[in-house]
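Encoded as structure tokens, the structure appears first; notes follow it.
The values are calculated or read from the model by the stated rules, or taken from the named source; none is laboratory data. For clarity, every value in this text was computed on a predicted model and none was experimentally measured. Note that we place each Cβ from the backbone using ideal geometry, even for glycine, and neighbour counts take in every protein chain shown. For the accessible areas, the whole protein counts, side chains as well, though only heavy atoms, and no ligand, DNA or RNA atoms are used. Shrake-Rupley method; radii C 1.70, N 1.55, O 1.52, S 1.80 Å.
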Amino acid sequence: MQQITPSQLAQWASEQTCRPVLLDVREGWELQTASASDPALDLVHMPMQTIPARLDELDTQRPIACLCHHGGRSLQVAHFLASHGYAVVNIAGGIHAWSMQ
């Protein structure tokens with residue numbers, strides 16, 4: 001699984017052939033603490049446990065960068081999505097690293 005840092009996200013997004021998705025897999029209450037956004041990506045919030053039931057809401061043609069608090073949950077989701085044919089990367093360090101950079 002490819003891991004990118006938050007500082008590499010813009011470069012990764014610019015290399016994609018269509019507009020990527022930033023998939024935030026944190027719980028709703030976690031978004032109140034810190035939220036991510038990038039003008040080059042479409043932000044989608046789906047808590048980790050809802051991904052299997054909502055899989056059809058994600059376009060298999062769009063690349064996805066997964067994000068959580070520290071990177072562990074998003075890595076699990078990224079592996080799950082990759083096993084279902086999605087082009088996906090994990091943001092190492094999660095929103096914590098994003099906030100630090």
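GNM remark for the chain: springs join alpha carbons under 10 Å apart, and the peak mean-square fluctuation among V88, V25, V44 falls on V44. Each of C66, C18 has its accessible area taken with a 1.4 Å probe; listed largest first, they run C18, C66.
With the simple model of a label 7 Å out from the Cα in the direction of the Cβ, Q8 to A92 spans 0.6 nm. Computed over the chain with a Gaussian network model linking Cα atoms closer than 10 Å, the most mobile of L67, L55, L23 is L55. Per-atom-type breakdown for the chain gives carbon and sulfur 52% of the accessible area (1.4 Å probe, protein chains only).
Which sequence of W98, W29 reflects their accessible areas, 1.4 Å probe, from the largest down? Before the final figure, lay out each step's value.
Working: W98 60, W29 165 Å².
Sorted by accessible area, descending: W29, W98.
Heavy atoms of the protein chains alone define the surface here; on that basis region 21-101 has 49 Å² accessible area per residue at 1.4 Å probe size. Each of T17, T60 has its accessible area taken with a 1.4 Å probe; listed largest first, they run T17, T60. 3J(HN,Hα) along region 96-101: 4, 5, 4, 5, 6, 8 Hz, from the Karplus curve 6.51 cos²θ - 1.76 cosθ + 1.60 with θ = phi - 60°, whole Hz, x for Gly and Pro.
If you average the sequence gap of Cα pairs under 8 Å that are 6 or more apart and divide by the length of the chain, what percent do you get for the contact order?
Numbers: 179 pairs, mean separation 37.4, N = 101.
After rounding, I find 37 percent.
In plain terms, the chain from M100 to M1 could stretch by 33.3 nm, reckoned as 0.36 nm per residue minus the Cα-Cα distance.
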